[in-house]
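The values are calculated or read from the model by the stated rules, or taken from the named source; none is laboratory data. All of these numbers come straight from a predicted model, not from anything done at the bench. Cβ sites come from the backbone with ideal geometry, for glycine too, and all protein chains shown count toward neighbours.
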Amino acid sequence: MQTTELDPAPALSQPQEASSHPRLKLVIGNKNYSSWSMRPWVAMTAFGVPFEEIMVQLDRPDTGTRIAEYSHAGRVPVLIDGDLTVWDSLAICEYLAERCPEKGFWPRNPAARALARSVCAEMHSSFTGLRSAMWMNIRARFPGKGRTAQAQADIGRISEIWESCLARSGPNGYLFGDFSIADAFYAPVVMRFRTYEVALAPALQAYVERIIAHPAVAQWMRDAENEPEHLKKYDVYPD
Ligand SMILES: N[C@@H](CCC(=O)N[C@@H](CS)C(=O)NCC(=O)O)C(=O)O
């Protein structure tokens with residue numbers, strides 16, 4: 001199944017989108033916990049790209065074997081497009097932006113697009129303090145927990161990014177005006193800020209509320225709330 005060559009198929013066509021059997025398959029982990037899976041799922045849902053969702057339960061004895069059915073990288077999310085397998089949330093979003101150029105996954109302005117890619121790359125490669133001390137658990141409430149020095153520094157840097165983006169895009173928009181991959185990338189951070197009740201400046205809190213109200217994010221959150229599976233080690237914050 002795994003290939004590394006780009007499928008030469010053209011951009012997604014209308015007939016494919018209208019099909020009740022979408023060509024794209026997205027392999028994801030538990031919606032309550034899998035922050036990396038949330039990014040492409042939210043982006044694809046927000047932009048109306050049809051896909052079949054394949055859920056692999058994380059933290060189970062067979063998790064590795066199940067993911068290996070789709071990708072030898074051993075991680076979700078994974079996008080399957082016919083013979084092509086794309087793994088890693090950033091690569092998946094870039095691929096979708098190329099395959100569906102009409103959708104506007106990235107800002108259309110080149111300078112804004114470069115900045116959007118920068119903030120996504122920073123999200124993708126940084127913020128390990130936040131990730132490790134404040135893991136995503138949409139159902140849980142851990143007010144005030146996880147504020148290690150590194151997590152605080154990450155919260156500060158993320159606030160700075162959001163402030164500068166929103167100052168440019170306007171107070172009532174998303175990071176780059178219209179919803180983009182950048183917002184999908186920061187949606188799991190929004191989930192964390194909600195779970196750990198991070199106090200934010202009013203403009204940033206308003207952005208948090210806008211993301212939570214976005215239909216694609218709201219759908220993911222509802223699915224997470226209704227998921228029967230619980231990963232106990234992430235459900236209790238240790239003292
Ligand atoms: N850089 C990767 C990271 C993906 C990742 O770490 N995914 C976790 C779940 S959120 C995973 O697949 N873990 C495998 C496991 O728990 O066995 C991406 O952006 O897709």
Practice problem: For Ile158, indicate whether it is within 16 Å of the ligand (Cβ to nearest atom) and assigned by TED's automatic domain parsing to the domain that holds Leu200. | Solution: no
Quiz prompt | Subset of segment 121-141 [aliphatic (A, V, I, L, M) and either in contact with a His (Cβ under 8 Å, 6 or more places away or on another chain) or in a helix (DSSP H, G or I) (or both)] | solution = Ala121, Met123, Leu130, Ala133
Quiz prompt | Index of the failed condition, Asn137 passing every other in (1) over 24 Å from Arg222 (Cβ atoms); (2) assigned by TED's automatic domain parsing to the domain that holds Asp183 | solution = (1)
Quiz item: Which of the residues spanning segment 50-82 are over 22 Å from Ala224 (Cα atoms) and either at pLDDT below 95 or touching a helix residue (DSSP H, G or I) at 6+ places or on another chain (Cβ under 7 Å) (or both)?
Solution: Gly74
Self-check item: Residue in segment 132-154 that is within 16 Å of the chain's Cα centre (by Cα) and surrounded by fewer than 17 Cβ atoms within 10 Å (Cβ to Cβ) present
Solution: no
Quiz item: Given the structure, is Leu26 surrounded by 16 or more Cβ atoms within 10 Å (Cβ to Cβ) and out of contact with any Asp or Glu (no Cβ under 8 Å at 6 or more places or on another chain)?
Solution: no
Quiz item: Tell me, which residue of segment 83-109 that is free of Cβ contacts under 8 Å to residues at least 24 places away in the same chain and near the ligand (Cβ under 9 Å from one of its atoms) is farthest from Ile67 (Cα to Cα)?
Solution: Ala91
Quiz item: Quick one: what pairs do we get from segment 166-183, first residue at negative phi, second surrounded by 16 or more Cβ atoms within 10 Å (Cβ to Cβ) and at pLDDT below 95, C-beta under 9 Å, 6+ apart or different chains?
Solution: Leu166/Gly173; Leu175/Ser169; Phe176/Ser169; Asp178/Ser169; Phe179/Gly173
Quiz item: For Gly144, are the conditions met, namely being touching a helix residue (DSSP H, G or I) at 6+ places or on another chain (Cβ under 8 Å), more than 16 Å from the ligand (Cβ to nearest atom) and either closer than 16 Å to Val198 by Cα or outside any helix (DSSP H, G or I) (or both)?
Solution: no
Self-check item: Members of segment 37-65 that are touching a strand residue (DSSP E or B) at 6+ places or on another chain (Cβ under 9 Å), surrounded by fewer than 21 Cβ atoms within 10 Å (Cβ to Cβ) and either of a type outside the set (A, V, I, L, M, F, W, C) or part of a helix (DSSP H, G or I) (or both)
Solution: Pro50, Glu52, Glu53
Quiz item: Looking only at segment 70-82, which residues are without any contact (Cβ under 8 Å) to a residue 40 or more places away in the chain and either β-branched (Val, Ile, Thr) or closer than 18 Å to Ala184 by Cα (or both)?
Solution: none
Quiz item: For Ala121, all conditions in the list (1) within 16 Å of the ligand (Cβ to nearest atom); (2) more than 21 Å from Trp41 (Cα to Cα) hold save one; what is the number of the exception?
Solution: (2)
Practice problem: Scan segment 53-69 for residues that are within 26 Å of Tyr186 (Cβ to Cβ) and either in the same structural domain as Val190 (by TED's automatic domain parsing) or more than 11 Å from the ligand (Cβ to nearest atom) (or both) and report the count. | Solution: 3
Practice problem: Filter segment 204-224 down to residues that are surrounded by fewer than 15 Cβ atoms within 10 Å (Cβ to Cβ) and in contact with a helix residue (DSSP H, G or I) (Cβ under 6 Å, 6 or more places away or on another chain), then give me how many there are. | Solution: 0
